[in-house]
1. Could you please give the count of residues in the stretch 198-223 that are more than 10 Å from the ligand (Cβ to nearest atom), in a loop (DSSP other than H, G, I, E, B) and open to solvent by 50 Å² or more (accessible area, probe 1.4 Å)?
2. For PRO137, indicate whether it is away from the ligand (no atom under 15 Å from the Cβ) and under 18 Å from HIS212 (Cβ atoms).
3. Can you name the residue in the stretch 164-197 that is in contact (Cβ under 8 Å) with a residue 40 or more places away in the chain and within 9 Å of the ligand (Cβ to nearest atom) and, of all such residues, is farthest from GLU44 (Cα to Cα)?
4. Select from the stretch 148-193 the residues that are part of a helix (DSSP H, G or I) and small (Gly, Ala, Ser) and write down the one among them that is farthest from the chain's Cα centre (by Cα).
5. Within the stretch 22-30, is there a residue that is touching a Lys or Arg at 6+ places or on another chain (Cβ under 7 Å), more than 16 Å from the ligand (Cβ to nearest atom) and touching a residue at least 40 places away in the same chain (Cβ under 8 Å)?
6. Before we move on, is THR89 within 14 Å of the ligand (Cβ to nearest atom), open to solvent by less than 80 Å² (accessible area, probe 1.4 Å) and either touching a residue at least 12 places away in the same chain (Cβ under 8 Å) or not polar (S, T, N, Q) (or both)?
7. Are there any pairs with C-beta distances below 8 angstrom linking a residue in the stretch 210-223 that is without any contact (Cβ under 8 Å) to a residue 60 or more places away in the chain to a residue that is near the ligand (Cβ under 6 Å from one of its atoms), with the two at least 6 apart or on different chains, and if so which?
8. Let me confirm something: among ARG119, ARG107, which residue is of a type in the set (D, E, K, R), in contact (Cβ under 8 Å) with a residue 12 or more places away in the chain and open to solvent by 30 Å² or more (accessible area, probe 1.4 Å)?
Amino acid sequence: MDRPENIRTNLETLRARIGDAARSAGRDPSDVTLVAISKYQPAEAVRAALEAGHRDFGENRIQEAEEKWPALLTEFPDTTLHFVGPLQTNKVAAAVALCHVIHAVDREKLARKLAEEMREQNVERPCFIQVNTGEEPQKAGVHPDQADDFIAYCRDALGLPVAGLMCIPPLDENAGVHFAYLGEIAKRHGLRQLSMGMSADFEVAVKLGATHVRLGTAVFGERPSG
Ligand SMILES: *Cc1c(COP(=O)(O)O)cnc(C)c1O
């Protein structure tokens with residue numbers, strides 16, 4: 001991880017870069033949320049970002065989130081915790097209890113379980129539907145051909161609060177093509193929010209309409225292996 005003072009500077013620099021990218025595309029910078037992905041980062045790194053005033057964070061493993069976040073959320077109650085990883089159905093109850101936004105909804109069983117838990121716990125957690133825009137067999141996300149039906153199923157049949165769409169482009173391809181494609185699908189469904197763009201490509205994503213960029217290493221430095 002970077003030193004605490006570097007994490008503060010990283011956040012300032014990234015906000016400025018997001019702002020520039022947004023303005024260059026005629027967008028309002030305040031429409032873009034920087035989600036600091038704190039997976040594998042120790043609580044002291046997260047604390048440095050919180051103390052620098054940052055309030056949106058993302059984790060990709062429930063167990064790690066449960067170890068790190070309850071105490072920090074008590075101390076910084078205005079924090080929004082995003083769950084960005086693949087979610088197993090047996091972790092849905094814990095995810096809905098702890099996390100405020102769910103970024104990777106990609107199959108019916110998961111969507112049903114999320115809707116059921118939100119009712120059970122009487123909370124609303126905005127969801128992003130993950131689309132496998134690169135049609136990569138090993139990658140999570142609904143196939144683009146099935147996206148229309150799946151979005152309709154989540155919203156209309158389940159009443160899931162679908163905020164928007166999310167994607168992770170293939171590593172070796174032009175990310176902009178995938179971001180634009182995701183934006184088209186979202187537009188067809190009147191979905192305004194797009195969770196796209198990571199440390200290497202967030203400016204392209206912002207220019208193409210990202211409302212949530214998910215930045216890990218750019219905020220915290222290299223992840224400790226583990
Ligand atoms: C780890 C992760 C990120 C952040 O990746 P960086 O390249 O470190 O910015 C973004 N989104 C998801 C889903 C992740 O798992």
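The values are calculated or read from the model by the stated rules, or taken from the named source; none is laboratory data. Quantities reported herein were computed from a predicted structural model and do not represent experimental measurements. For neighbour counting, all protein chains shown are included, and Cβ atoms are generated from backbone atoms with ideal geometry for every residue, glycine included. Side chains included, ligands, DNA and RNA excluded: accessible areas come from the protein's heavy atoms. Shrake-Rupley method; radii C 1.70, N 1.55, O 1.52, S 1.80 Å.
1. Final tally of qualifying residues: 1.
2. no
3. MET166
4. Taking the candidates together, the pick is ALA157.
5. Yes, some residue in the stretch 22-30 is touching a Lys or Arg at 6+ places or on another chain (Cβ under 7 Å), more than 16 Å from the ligand (Cβ to nearest atom) and touching a residue at least 40 places away in the same chain (Cβ under 8 Å).
6. Spelling it out, it is not the case that THR89 is within 14 Å of the ligand (Cβ to nearest atom), open to solvent by less than 80 Å² (accessible area, probe 1.4 Å) and either touching a residue at least 12 places away in the same chain (Cβ under 8 Å) or not polar (S, T, N, Q) (or both).
7. Close Cβ pairs satisfying both conditions: THR217/SER199.
8. ARG107
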